[in-house]
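Structure, as structure tokens:
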Amino acid sequence: MNVFFQRAQNWLDRNVYDLARQMRLSYLPPMMVYLAAGVSGLTGIVGTFFVKDYLGLSAEFLASLGFWAMMPWTLKMPVGHLVDLLWQHKAKLIYLGAALIAASLLIMLNILTEPKSMTGRLTVETWFVIATLLAPIGYVIQDTVADAMTVEAVPRLDDWGSPIPDEQIKLAHTTMQTLGRVAIIGGTLIVALANIYWFRDVANMDAAMQTAIYVQIFRWALLIPVISVLGVAMAAQLRSNEEWRLAAQGYEVDDIERLLARRVTELPKINGWILGGGLAFALFAIVMGFSNVPYNEELIFVGSLAIVMFLLRRLTEELLPRVRQQLFGTALVIFAFRAIPSTGAGSTWWMIDELGFDQQFLSKLALISSGLTLFGMFMFRRFMAERTITEIIALLTIILTVLNLPEIALYYGFHEWTQTHIASFIDARFIALVDTALESPLGQIAMIPMLAWIANSAPPQLKATYFAVMAALINLALSLSQLLTKWLNQWFIVTREIKDPSTGIVTIPADYSQLGGLFFTVMFLGFAIPMLTIYLTQRTLLSGRKSGFESG
């Protein structure tokens, strides 16, 4: 027993306490911006029930809207380059992102509090689409700036003004990135706790009381942009304190500026390919988006992918052919894993209508997911360090495929059998809790090695550029996931009950009869797409000896 406690103590010291010991005050500003991103999910459950109860939008349309909401994230490529070029003005970009996020939240708040005034200008559905598209643009800008702030957060001088060794600076950057992920997931944990509190008596609430709760949540959500702005204000204050400290040590103004500002050698030159490619993508997406061309979303995806692949090809021309093949092979595996489709909104509607999952229970699922994700980040750090990305993704694909089975079992009434023949407490909620507990850490376990691979694989002089292009490629994979989800929802029609708000007459009846086929198709594609990609790349691009590009 003593040996067990000693090992547990050593594990905590290496994975948790050591991270806390490396925390610095300068890390807080970017962590606050990341925290705002994590808290952004505060309105997620409200949005789900708002769409279900107030809007007549189909699962297919919501999947299509999800595609458009993902498109701004593919713009991290030119936005990231602009942030590097406009390093001295990044605070203004944070303010811009905060304004867009606030505008999105105010639209949703006014839809709930002043519906007549809002519908006098545009329909509720149109306002919802505008709000849905404004928010990700704001978060893309803030997330890109936060990435730049993490570089500035790592000090180059010790308390006596002496340069810090490069090895310590590299370790500090690693710590900063880890704490950034902790801040994001910590934000989701706060959101889950808040939702559990607000929806603690939801079973006894009528529609008016639930709407009042929704309004309260959106009002609290207005603190999200405030958090990121406070992070920028704190960064400015810390910068001022550092300037005064160096001045007290006898440094002149020019020396202080040289020591604290980004080095001239680190300022990038304008990359015409990145900016030109990003502009071409934006114009192409806007023109196609407002046109009535059939399959415009599909054409936007193909065109955007072609632009990103062209830029990636241009960036890797100087690499050795074998190294370039390893890079492309690993990128293809990551792309395939992120492109896995989901069931869409229909499965959530079914859980609400048929299984009786209310707002508070969904909040509990989110709380379990966030808490175990934090635990999983620490628990699997060594596993991620010792395995290649292809091995990690293959294992995660198998696990996620198996974890699709409980949801399918619930659809076919497995919980009714367990309550009768095993134990009464093994109901639908119990099975969903267990499934969430097992699945929750896996998303972050997949994300962390991907981010580390992007950071570690790029040539030293092109790290920022490589990260921007690869981030755009990965986000395009998420857009493909939304497209596949839309296609599946066109094939398997799932509808919830929709009533006319004035008469109460059911205009569209609930129909979940095809949800079973959708579940099985998603499970099959979720296994086949990554595993087939891994098999093909291992026999072609990754057939030779593993290189640093393929390692975790």
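The values are calculated or read from the model by the stated rules, or taken from the named source; none is laboratory data. These numbers were taken from a predicted model, which means no experiment stands behind them. So basically every Cβ, Gly included, is an ideal-geometry build from the backbone, and we count neighbours across all protein chains shown. For accessibility, only protein heavy atoms count, side chains too; no ligands or nucleic acids. Shrake-Rupley method; radii C 1.70, N 1.55, O 1.52, S 1.80 Å.
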task = Mind listing whichever residues of the stretch 494-552 are among the β-branched types (Val, Ile, Thr), modelled with pLDDT of 90 or more and within 26 Å of Gly346 (Cα to Cα)?
result = Thr521, Val522, Ile529
ask   = Going through the stretch 32-58 one residue at a time, which ones are open to solvent by 30 Å² or more (accessible area, probe 1.4 Å), modelled with pLDDT under 70 and not small (Gly, Ala, Ser)?
value = Lys52, Asp53, Tyr54
query = Scanning for something out of contact with any Pro (no Cβ under 9 Å at 6 or more places or on another chain) and either aromatic (Phe, Trp, Tyr) or at pLDDT below 70 (or both), does the stretch 341-356 turn up at least one residue?
reply = yes
note = Looking across the stretch 197-215 at residues that are farther than 16 Å from Ser40 by Cα and of a type in the set (A, V, I, L, M), the single one that is least open to solvent (accessible area, probe 1.4 Å) is Val202
message = So, Trp127, is that one aromatic (Phe, Trp, Tyr) and modelled with pLDDT under 80 or not?
response = no
